[in-house]
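Okay, structure first, notes after.
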Amino acid sequence: MNLPEKPFQYKMLIDGNWIESESKERYERKSPAHDVPVGEYPAATVEDVNNAVATAHRKFIEGQWPKMKGADRAKIIGRVGDLIRKNKEELGYIECLESGKPITQAIDEMVWAAGIWDYAATLPYHTYGDSYNTLGENMLAMTIREPLGVVGMITPWNFPLLIISQKLPFALAVGCTTVTKPAEITSGTTIKLHELLLQAGVPAGVANVVTGSGGVIGNCLSQHPDISMISFTGSTEVGKKVLQNAKSNVKKVELELGGKNPQLVFADCDFDAAVDAVVFGVFFNQGECCNSGSRLLIQDEIADEFVQAVIKKSKTVPIGDPLDPKTKVGAIVSESQFNTIMNYVKAGEKEGAELRLGGKQMITKTGRYIEPTIFDKVSPEMSIANDEIFGPVLSVLRFKTKEEAINIANDSIYGLSASVWTKDIDTAITLSRKLEAGTVWINTFMDGFPELCFGGYKESGLGRELGHFAVEEFTELKTILMHTGPRDYWWKQPEK
Ligand code: NAD
């Protein structure tokens, strides 16, 4: 695959119209692997956000989308899944160019995202409440689920189409309208997705997209009085700002944040499978992954042999040009992310961890690549054991007993995901119940399905995405009480 001859030109979508920013300003995205411009975007202003929200609000109050039969919404959402599959090469190409992730992986992610739209298309049929027939013979009640209103969606750069697909189809399924702000450096596929939404039959103005700075337009969205909910995926630091802003009109907030996810490997594990999962877990997507298995907790008795095997395998993983279909690990997304990672490598060395592999920039003609990096003999107080590095850096901590393993695993502000590798059913079940994490994998890592909810404990998040639970996230519950028969009067007027 070749680089584009010139950068792709994008516009924002408001009320079904493709528009420039009201300021007419645009900004450029360069491929982090090739250093050439690959996309140009309007830099939205607060006024653009206000227009987008006003449109989504009008469509929610006056438009047909929230009132439409579930079956009709289902058909449209289902078509989006088909269109994503049809356009997977183009979408994957854009994502590879903007994010630096390998092309083969990027295309696979598009297919994965399409599957989420397929699943969400079943939910309009299943958006309902309860009925209450036990309130006495004169009373009958029901609870109904109504769409929340306008949902603002703010997404990060690491899995652009996949993450918006964990939010948008679910909000649309229940009848909400939306304004989406993708990460400024990887907005291409979110804009293309909105083209597909129009093609699939989502009415103009129901789903809108604005592009530009998080500090300006993300901030404005999270404060906006006509937005009923913010669905945010990104760092814990920015997530806290969103939560703070949301207080202004008590809007609902759903947060998918950072992680420092442990893989607990016991001496009785399937050795080769666990080695592969550890290598995959930390180097997949260059380690720029909320679910990154960035902490390996390894039982003492196999630690030396296991770490040696992880190092040996890591050395063979193909790293390089993300446009090469054989590449497994691509370029680091930005210079600032590159610097953050390299600073953690320095900190790890300074704090006394043993650097067993990598730790350096790879020498390439263009782009920024970091060698797969493994620190052994990391202790729990070190920064590389605690902070989300968001890069290809594995921290190895050793343990003797189950109790020690669980204490190390849970000694974190984060609680997104974890895994347990053992053939002992008792260890597997006991530990998975004790782990403070939104997802626990047993003898596997980073598998996911649209019907399984996803989210974090502690500072990894608030609320859940995916699965039937998403219906609850994007709806309000209304109680309706009905009286039948003669009323038992509060006050009976005296007869004259
Ligand atoms: P980030 O928090 O810097 O940015 C996320 C989004 O927020 C971007 O669109 C950004 O423009 C916007 N933003 C920035 N400042 C804002 C503000 N003041 N108000 C509102 N919006 C603002 O995160 P990132 O660097 O793009 O992504 C990496 C982070 O995302 C990591 O911490 C990672 O763990 C997390 N993440 C979590 C999940 C999950 O599902 N839990 C998935 C992917 C990524």
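Assorted remarks:
- With contacts taken as Cα pairs under 8 Å at a separation of at least 6 residues, the range 262-442 carries a relative contact order of 27 percent.
- Rounded to 5, the percent of DSSP beta bridges in the chain classed as antiparallel: 45
- Long-range HN-HN contacts of residue 267 with modeled amide H, under 5 Å: 299
- Label zone at residue 423 (point 7 Å along Cα-to-Cβ), backbone N below 11 Å, the range 260-282: 268-271
- Model label points for residue 349 and residue 72, set 7 angstrom from Cα along the Cα-to-Cβ axis, are 6.4 nm apart.
- Given charges at beta-carbon only (K, R positive; D, E negative), |dipole| of the range 310-406 in Debye: 480
- Helix-only arithmetic for the chain: the sum of -39500 (n - 2.57) across DSSP H runs with n ≥ 4, divided by the residue total, places the mean residue ellipticity at 222 nm at -11000 deg cm²/dmol.
- The label point for residue 488 and the one for residue 315, both projected 7 Å from the Cα toward the Cβ, are 8.2 nm apart.
- Coil-residue trypsin sites (Lys or Arg not before Pro) of the range 58-93, DSSP, other Cβ within 10 Å capped at 14: 67, 69
- Relative contact order, percent, the chain [alpha-carbon distance under 8 Å, six or more residues apart]: 17
- When only the Cβ of Lys, Arg, Asp and Glu is charged (+1, +1, -1, -1), the dipole of the chain relative to its Cα centre reaches about 880 debye.
- Derived scalar couplings ³J(HN,Hα) [the range 162-175; Karplus, 6.51 cos²θ - 1.76 cosθ + 1.60; whole Hz; x for Gly, Pro]: 5, 6, 5, 6, 7, 10, 4, x, 6, 5, 5, 4, 8, x
- Reported to the nearest whole Å, the Cα centre-to-centre distance from the range 257-294 to the range 373-431 is 10.
- For residue 108 and residue 139, the FRET efficiency from 1/(1 + (r/R0)^6), where r spans their Cβ atoms and R0 equals 56 Å, is about 0.55.
- Pairs spanning more than 24 Å between alpha-carbon atoms, out of 326/360; 30/88; 67/251; 24/192; 240/260; 192/365: 192/365.
- Taking amide H atoms as placed 1.01 Å from N in the peptide plane, the amide H of residue 370 lies under 5 Å from those of 332, 362, each 5 or more residues away in sequence or on another chain.
- Cut-off under 5 Å, modelled amide H: who pairs with residue 416 long-range: 260, 438, 457
- In order along the range 403-412, phi translates into HN-Hα couplings of 4, 5, 4, 5, 5, 5, 4, 7, 7, 7 Hz, rounded to whole numbers, per the Karplus curve 6.51 cos²θ - 1.76 cosθ + 1.60 with θ = phi - 60° and x for Gly and Pro.
- Full extension of the chain between residue 442 and residue 401 gives 13.0 nm of extra length, using 0.36 nm per residue less the Cα-Cα distance.
- Cut-off 9 Å between beta-carbons: net charge of the residues surrounding residue 260, Lys and Arg +1, Asp and Glu -1: -1
- Rounded to the nearest 20, the size of the Cβ-charge dipole of the range 262-442 about its Cα centre is 520 debye, with Lys and Arg at +1 and Asp and Glu at -1.
No lab work stands behind these numbers, since they all come straight from the coordinates. This structure is a prediction, so every number in the text was calculated from the model and none was measured. Backbone-built Cβ (ideal geometry, glycine too); neighbour counts: all protein chains shown.
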